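**Student:** Encoded as structure tokens, here's the structure I'll be asking about.
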Amino acid sequence: MPCEKTQIVCKKCITITNSNSQSNIEHNDLKAGFTRKNTYRSYMYFNIDDISKNIVVDSAELKIYLNKINIPHSKTNFYIHPLKEEFDLNTSFENQPEYYEKQVKFELNKNSHGIIHVDITHIFDQWHDNSIKNNGLVLKSGEKHRALASFSSSLDPNYEGAPKLVICSSKINHDQKIVDVVEKHWELKIFNTALSPTVNVERIINGTFFIENTSGVQIKAVVEVSVDSKHWIEDTGVVVNANKSQVLIAKYYGKYYRVKFNCSGFAYVKLSFICQVYQ
């Protein structure tokens, strides 16, 4: 079933850097990264007050326009964290708002350019159900290796380049008997342990995880279930031998599911979640 899409343009955004530690930078560019001498972080805020609480959020995607990236190696990771505190014109490198350790990681390479799509559904769900307050987001790099990315800000005269939050949602109506099939697919790299993206399962009838171990080591996979995306309990688990596949079905109902993986060293997994949902 096609979802209803809502697009929200970034209301305010700033960049801070230790080279100008007592003030922030309002410019057409948002910068994030590390140049050995200087560190850059950027903040974005999206007003979601008009989003109804009586919807199921199928996905929430951050769209940011990458103008330029400077990295000495082939690729690097950047991170999005939800903020614990608000940012404003007094925000600076010496006066930074705190952020949650939970993060969304995305990868950029030397050839990256244009619109970058970042899935922040897990963060938005917590804003939407008031688990955490929407104070905005911080965009940063790992800040250990040289990498500097420049994105368009909401001050850019080109509207298409401004940061946007795209929400895909649907209304719950269990009186309807028509169902639809939804599939989600991920390829995950594991080093000792890893977590899959969180899946909102509010309106599913039943769902199954399909795990394909494409590496040469054994993997243990466990479904974790949560009602608030903050507190998780372990559910069913399976062992997936090297280059084998397994099926994983949660026994308990929760608002959110995710899969926790454990292995010895590095492993690669293809994970699918296929479910029936009410239309």
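Each value in this text was obtained by applying a stated rule to the coordinates, not by laboratory testing. Keep in mind it's a predicted model, so treat the numbers as computed, not measured. Glycine gets a Cβ as well: all are built from the backbone with ideal geometry, and neighbour counts include every protein chain shown.
**Student:** Give the order of 49, 88 when sorted by the count of other beta carbons within 10 angstrom, beginning with the fewest. Walk me through the intermediate numbers first.
**Tutor:** Numbers: 49 5, 88 13.
The most exposed by this proxy come first: 49, 88.
**Student:** So which chymotrypsin sites (Phe, Trp or Tyr not before Pro) in the stretch 86-163 end up in coil per DSSP with only 15 or fewer other C-beta atoms within 10 Å?
**Tutor:** 100
**Student:** Quick one: net charge around residue 68, please, counting Lys, Arg +1 and Asp, Glu -1 for every other residue with C-beta under 12 Å from its C-beta.
**Tutor:** Numbers: positive: 31, 110; negative: 29.
Here the charged neighbours net out to +1.
**Student:** Can you pull out the cysteines in the chain that have no other Cys Cβ under 4.7 Å?
**Tutor:** Taking the Cβ cut-off of 4.7 Å, the unpaired cysteines of the chain are 10, 13, 263, 275.
**Student:** Ordered by residue, what ³J(HN,Hα) values in Hz, to whole numbers, does the stretch 96-102 give under the Karplus form 6.51 cos²θ - 1.76 cosθ + 1.60, where θ = phi - 60° and Gly and Pro are x?
**Tutor:** Taking θ as phi minus 60°, the curve returns 9, x, 6, 10, 6, 5, 4 Hz for the stretch 96-102.
**Student:** Can you sort 152, 169 by how many other beta carbons sit within 10 Å, fewest first? Display every interim value, and only then the final one.
**Tutor:** On the way: 152 23, 169 18.
By the 10 Å Cβ count, ascending: 169, 152.
**Student:** Mind grabbing the base-10 log of I(q)/I(0) for the chain at q = 0.10 Å⁻¹? Debye formula, identical points on the C-alpha positions, no solvent, two decimal places.
**Tutor:** Here the Debye-derived log intensity ratios amount to -0.59.
**Student:** Counting other C-beta atoms within 10 Å, which of 258, 146 has the fewest, and how do the rest follow?
**Tutor:** Values: 258 20, 146 16.
With the sparsest Cβ surroundings first, the list reads 146, 258.
**Student:** Can you list the lysines whose alpha carbon sits under 22 Å from that of residue 31, skipping same-chain ones fewer than 8 residues off?
**Tutor:** 11, 12, 63, 68, 75, 84, 102, 105, 110, 140, 144, 164
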